Amino acid sequence: MKISLQILLLFCLIAYHGTASAQADPPPYNTLEKRIAAKKELLKYDLSGIFTHTDNKQVFGFIGDNFQRLRIKFQSVRKDPAKPDTYIVTGKSLVKNNIRSFTGRITLNVASISSPEFYGLDDEYKDKGIKVRYTLWGAYVLSETGNDEHSGVFKGIVTAKVYIDKNNVVQYDDIDINSDSFANNQFMGQWVSYDKKTIKTCN
């Protein structure tokens, strides 16, 4: 079944709102005005380093109903000078022995200020001068080279977390890395072959 990116993004936002409410976040962190302001603020920064931060050995992905191992390597990510919400991406995908180069884009759609009361294990980051933490959502499209049955397009929703440090520099948010629930740079969507005959879930 095909699900539009808009519907999938809306579902993610609804799920996030429910989670935030369950954690008893103060109301100001959930308002539309705050989210608009959060995205506007993040557009001032270059987030390209956030998407290439994680060591490739720590990236786990799958594709298809049998959860075939999927490896994605971003070789370059750069901010589009004409569109501050868009990042141009190049890289390679690997499934079994099939290696494909790809080009594409990541577009930032929504941002939210994260709850400020969590500062890592034993509050180790509490006095590090962290100004604000953000969660952002966007859409990605990665088009593979080639025209055979093993080539196609990855597309879906990306979620990432960052924080602004005391020097006003954006950082990859790994504050909660020791938590069992830690996750960052999550890509959720589908792979669609160019001939439209094959559609596979891929995360």
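The values are calculated or read from the model by the stated rules, or taken from the named source; none is laboratory data. Because the structure is predicted, anything quoted here is derived from the model rather than measured. With ideal geometry, Cβ positions are generated from the backbone for all residues, glycine too; neighbour counts draw on all protein chains shown. Just so you know, the surface numbers come from the protein's heavy atoms only, side chains and all, with ligands and any DNA or RNA stripped out. Shrake-Rupley method; radii C 1.70, N 1.55, O 1.52, S 1.80 Å.
Some notes on this structure:
- The solvent-accessible area of S143, taken with every protein chain present and a 1.4 Å probe, is close to 40 Å².
- Using a Förster distance of 30 Å, the FRET efficiency for N203-K83 (Cβ separation, nearest 0.05): 0.70
- Three-way shape label, segment 130-197, alpha-carbon gyration tensor, a/c 1.5: prolate
- Cut-off 15 Å between beta-carbons: net charge of the residues surrounding S181, Lys and Arg +1, Asp and Glu -1: -3
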